[in-house]
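Remarks on the structure that follows.
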Amino acid sequence: MALGLFSSFLSACLVFILWRVSYVALGRKSQPRRTRRRSDCSHLAVFLGSGGHTSEALTLLSALDFNRYSPRTYIISAGDNLSTSKAIALELSKAAGSAAHSGKNRCYTIMTIPRARQVHQPLYTTPVTAIQSLLACLYHVTVLPIATRTSFADVLVLNGPGTCFVLCLAVAINRIMGLPSPRLVYVESFARVRSLSISGKLLRPLVDRFVVQWPGLLRHYRRGEYLGWLV
Amino acid sequence: MSEPPCTPPPPAQSGPATESSPRGKHAFVTVGSTRFDALVHALQTDAVLAALHKRGISSLTVQGGEAVKEFSPEQLQAITASGSQYEIDVEAWAYKPTLQEDYERADLVISHAGSGTILDVLRLRKPLIVVPNSSLLDNHQQELADALADLGHLKTCTTDTLAQTIESLDISSLVPFPQFDGSRFREMLDDEMGYPPDESPD
């Protein structure tokens, strides 16, 4: 009897999880997009993947109205001090450019997560570091917002490399569980002319907006859009 | 990160005074943060130095990465000496904290195919020759250089054809690269977040 109850409970759970996974994986359009008024603020999070990824991501952000996209969270891999200082430099230059505005547009935080995989790290140890990285992402994206009854962010901008996939997985888990989740926007690098990057291929099915900067990159895919050079 | 120039003070100028000829132009070469010894070595060849000389280049700054670190003082002396044979002051650095000033000063930039470098140089409207590093496994850098060369924004070549490319470079034929336009990303993101378009009423 108890066993029967338990197994039916398990199968109910399984059906629920499968339903949620298919809802997230297939039914992206069923998640209604909120309409915002011009004066509404959105909490923006961006992953800075070091080197060229960081430069491109910050160039994209430099085009935004920081009064509208406020506050901002910069997500940086552990040890990537250069990305931290570049993010602070952008904030300073934006603040200098809008000195007349109120102090609220200067609100930003820097969040550090462990790398999913170091450069030159042997492949067989990658699962261990990737799981550590996923747990840290889940803490920030799922656990902390539940505990503090806040949301992680309204939109998450990604442009690679590896660790941003882990971040994206954490957001997907939120969606599977029906928790609030940010819109996911992926911008493929200016450097990708003829083929998508590995992170691009991995993230394309998971994100809400998939943007490339060279024509022809999407010829094999249905989803995604070409917007020309953005950086 | 910053290191002093590895060269001894430049030797006294030989040959005609700089103001009487179309000389005095500056060239800047960067290999970025990865090893690209083939490019550093190509710069020491007579063919490349002669081609730079023909273009009126009288000073050359090289950011050559690890290769420069490994040069012995004698090797550095030899590089300066071979430059002065072609009336070119050569200055070699391993790394520099920022390259922006070097780009701004240059009349010609020769670089690896890193996308950040390419964008920075083209935005300054400087003539650019890109030499993709064929020893890198991932060839998408080559794809970017080729695509931009097809559009006429830059020239691309190998270390073997660098001298001819410098010599035959027609700066007036290069197509100016568009300046940064952030509006498309901003409009896309505003649309994704459900904001009304700029011109429509709220």
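What is the one condition in (1) within 12 Å of another protein chain (Cβ to nearest Cβ); (2) in a helix (DSSP H, G or I); (3) buried (at least 20 other Cβ atoms within 10 Å of the Cβ) that B:Asp146 does not satisfy?
Among (1) within 12 Å of another protein chain (Cβ to nearest Cβ); (2) in a helix (DSSP H, G or I); (3) buried (at least 20 other Cβ atoms within 10 Å of the Cβ), B:Asp146 violates only (3).
Would you pick out the residues in the stretch A:39-90 that are open to solvent by 30 Å² or more (accessible area, probe 1.4 Å) and part of a strand (DSSP E or B)?
Matches in the stretch A:39-90: A:His43, A:Pro71.
Quick one: B:Ile118 ticks every box in (1) more than 14 Å from every other protein chain (Cβ to nearest Cβ); (2) among the aliphatic types (A, V, I, L, M); (3) more than 16 Å from B:Ala42 (Cα to Cα) except a single one, so which number is it?
(1)
For the condition hydrophobic (A, V, I, L, M, F, W, C) and in contact (Cβ under 8 Å) with a residue 60 or more places away in the chain, what is the one hit in A:Leu203, A:Leu196, A:Leu218, A:Leu230? Explain how you work it out, then say what you get.
Numbers: A:Leu203 fails: in contact (Cβ under 8 Å) with a residue 60 or more places away in the chain; A:Leu196 fails: in contact (Cβ under 8 Å) with a residue 60 or more places away in the chain; A:Leu218 fails: in contact (Cβ under 8 Å) with a residue 60 or more places away in the chain.
Just a single option satisfies the conditions, and that option is A:Leu230.
From A:Val171, A:Val211, grab the single residue that is touching a Pro at 6+ places or on another chain (Cβ under 8 Å), open to solvent by less than 40 Å² (accessible area, probe 1.4 Å), touching a residue at least 12 places away in the same chain (Cβ under 8 Å) and β-branched (Val, Ile, Thr).
On the way: A:Val211 fails: touching a Pro at 6+ places or on another chain (Cβ under 8 Å).
Result of the check over A:Val171, A:Val211: A:Val171.
Give the residues of the stretch A:123-135 that are open to solvent by less than 60 Å² (accessible area, probe 1.4 Å) and over 19 Å from A:Leu203 (Cα atoms), sorted by residue number. Break it down into steps so the answer makes sense when it comes.
First, pick out the residues of the stretch A:123-135 that are open to solvent by less than 60 Å² (accessible area, probe 1.4 Å): A:125-126, A:129-130, A:133-134.
Hits for the stretch A:123-135 are A:Thr125, A:Thr129.
Please go through (1) in contact (Cβ under 8 Å) with a residue 60 or more places away in the chain; (2) aliphatic (A, V, I, L, M); (3) within 7 Å of chain B (Cβ to nearest Cβ) for A:Val187 and return the number of the only condition it doesn't satisfy.
(3)
Within the stretch B:69-88, identify whether any single residue is within 16 Å of the chain's Cα centre (by Cα), away from chain A (no Cβ under 14 Å) and not charged (D, E, K, R), and answer yes or no. Can you show your working first?
At the first step, the residues of the stretch B:69-88 found to be within 16 Å of the chain's Cα centre (by Cα) are none.
Checked against the condition, which is being within 16 Å of the chain's Cα centre (by Cα), away from chain A (no Cβ under 14 Å) and not charged (D, E, K, R), the stretch B:69-88 yields no hits at all.
The values are calculated or read from the model by the stated rules, or taken from the named source; none is laboratory data. Predicted model only: the values in this text are computed from it and were never measured. Note: ideal-geometry Cβ built from the backbone for every residue, glycine included; neighbour counts use all protein chains shown. The protein model used for the area step is the full one, side chains on, heavy atoms only, and it has no ligands, DNA or RNA in it. Shrake-Rupley method; radii C 1.70, N 1.55, O 1.52, S 1.80 Å.
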